[in-house]
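Just below is one structure, and these are the notes that go with it.
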Amino acid sequence: MHRKLSLFPLNSSVNASGRLMFGKHSAVHLARLFGTPLYVYDIGTIRHNIKVYQASLQKYAGEAQLTYASKAFLCLALARLMTEENVGLDVSSAGEIFIAERAGAPAANMHLHGNNKSWRDLEAALQAGVGRFVVDNPTELERLVQLTAGRPQPVDIWLRVTPDVRVETHHRFTVTGTADSKFGLPLAQVETVAAQILTDPRFETLRLTGLHVHLGSHFHDVEPVAVAIERLLVVANSLREKYGWHLAELCPGGGWGVPYHPTDPPMPPAPFVTGLVAAVEQLCAANRLPLPKLILEPGRSLVAQAGVALYTVGSRKTIPNGRTYVSVDGGLADNPRPALYQARYTALLANRAAEPETETVAVAGPFCESGDILIDEVQLPPAQPGDVLAAPVAGAYQLSMGSNYNAALRPAVVFLDENGVKLVQRRETVEDLIRRDVGSN
Ligand SMILES: Cc1ncc(COP(=O)(O)O)c(C=O)c1O
């Protein structure tokens, strides 16, 4: 088996002609049919990951719910798939709420995040009936008080806590739970804010049902999450003793990592969830707290491996005594992660996947930034114009963080399953680029 294949969707293989296959679908054929850059998602891989999370969560002695952090990648088809699989949605803007609602996702199974939720975000969420508001700071709390004034039914809120716990991610930009974070209420302030909500009649339209923590993205150690949960439960215990408050819901966030590179260790989500479940059960028992409903909100570990970015090689050059650059037709605009935080990727040639990988090259995109390097160093067969480069683990934080830099057209997205291929987002056209411009028609 090709040593990089384990990073690709679960049904990936290399056929007798040396072509990369997803089940019965040839990557090269898909690239020809839809053009490149193309984002391919294997739906079976997403469903499998959901099942792994849900099965592990079922071992929790209390109630549990899996939600999907839709910032990882959201479109109508994916929101529908999540809804079909009984996965709630973590949304972070009026825009994400709009997409989720259009897809028919029940608002009651959504919760709203954000460290600077605008009036518009909050109003959209209230209007949609979003199930929970994850309050990030005192300003937001005041906004919610104003917006909910006179409501007959209280709105359910959680407090997002910054527990001052560090997780090891690959970059400081993806750490969110340390003391100096733009997200959440500092641990030392949580009790004061909660006490206000619980005792001051001004907050009667808000019902505090839970606590939330999210330590960062792309870590693979459950221990820090257990430490963070312990800190939250100390607060919950104190609030129970002083105000008779009951922690009904607990969300320890998402953040579980995935391997991006053949040298990365495996990061199966099942032991992570099992570890979390055990930690919550033990810590609640130790604090004599009834088990809260446990809500998880992973993004990357549900969808990253399912996605593959297909590019066409356009040119190559070798610098005397230097590197060989292989340039492809996408990069910074559809995947800013390498430029943003030195994310490390690999790739293979989908049309020559059985050939020896004898050359070490840098894979560059076509955009006007020297930082537009998709892969700093990868071994490939000597790549030629026309070859199809397949970059795995492309399903999360690529398209959702993409841009139209250099007036790039956002790529098409196709979903694959055993029933066939479905175009779920068409490629942008040049007309799309001027659609918002006044006087464009
Ligand atoms: C609040 C919150 N929850 C969940 C996630 C999902 O993280 P991941 O995709 O690493 O699972 C994020 C992403 O950073 C987040 O900000």
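Read-outs throughout are calculated quantities, based only on the coordinates presented, and are distinct from any laboratory measurement. All figures in this text were calculated on a predicted structure; none of them were measured in a lab. Counting neighbours? That spans all protein chains shown, and the Cβs are built from the backbone with ideal geometry, glycine included.
Odds and ends about this structure:
- Computed about its Cα centre, the charge dipole of the chain is approximately 480 debye, with only Lys, Arg, Asp and Glu carrying charge at their Cβ.
- Phi-based couplings in Hz for the range 378-392 (Karplus 6.51, -1.76, 1.60; Gly and Pro marked x): 8, 8, 9, x, x, 7, 10, x, x, 5, 9, 8, 10, 10, x
- Measuring nothing but how far apart in sequence close Cα pairs (under 8 Å, 6+ apart) lie, relative to its length, the chain scores a relative contact order of 20 percent.
- Local electrostatic count at A270 - Lys and Arg +1, Asp and Glu -1, tallied over other residues with Cβ under 13 Å: +2
- Between R435 and S400, the modelled labels are 2.1 nm apart [label points 7 Å from Cα along Cα→Cβ].
- Values of log10 I(q)/I(0), in the order q = 0.15 Å⁻¹, for the range 43-303 under a Debye, Cα-only, solvent-free model: -1.09
- Take the Cα of E359, go 7 Å toward its beta carbon, and the backbone nitrogen atoms of the range 365-385 under 11 Å from that spot belong to 380-385.
- Unit charges at the beta carbon, dipole of the chain: most positive-side option, I46, H220, V28: V28
- Database remark: amide H of Q398 closer than 5 angstrom to no amide H (H placed geometrically; neighbours at sequence offset of 5 or more, or on other chains; Pro and chain starts carry no H).
- The fewest-to-most ranking of T346, T263, T205, T324 by surrounding Cβ atoms within 10 Å reads T263, T324, T205, T346.
- Helices in the chain that qualify as membrane-span-like (whole DSSP H runs, Cα extent of at least 20 Å along the helix axis, mean Kyte-Doolittle hydropathy of -1.0 or higher) are 43-57, 223-243, 269-286.
- Bridges between two residues of the chain, per DSSP, are antiparallel at a rate of about 45%.
- 5 angstrom amide H check on G88, placed H, neighbours 5+ away: L66, T67, Y68
- Ordering of 400-413, 301-314, 157-170 by packing [mean C-beta count within 10 Å, highest first]: 301-314, 157-170, 400-413
- Pairs exceeding a 26 Å alpha-carbon distance, out of K117/K422; K51/K71; K71/K182; K51/K182; K71/K317: K117/K422; K51/K182; K71/K317.
- Convex hull projection area averaged over all views, the chain, Cα basis, nm²: 23.0 nm²
- Length gained on full extension, A179 to Q282, computed as 0.36 nm times the residue gap minus the Cα-Cα distance: 34.5 nm.
- For the range 176-223, a crude dipole built from +1 on the beta carbon of Lys and Arg and -1 on the beta carbon of Asp and Glu, taken about the Cα centre, is about 220 debye to the nearest 20.
- Under 5 Å from the amide H of L389 lie the amide H atoms of Y311, T312, V313, A350, each residue being 5 or more positions distant or on a separate chain, with H modelled from the backbone and absent for Pro and chain starts.
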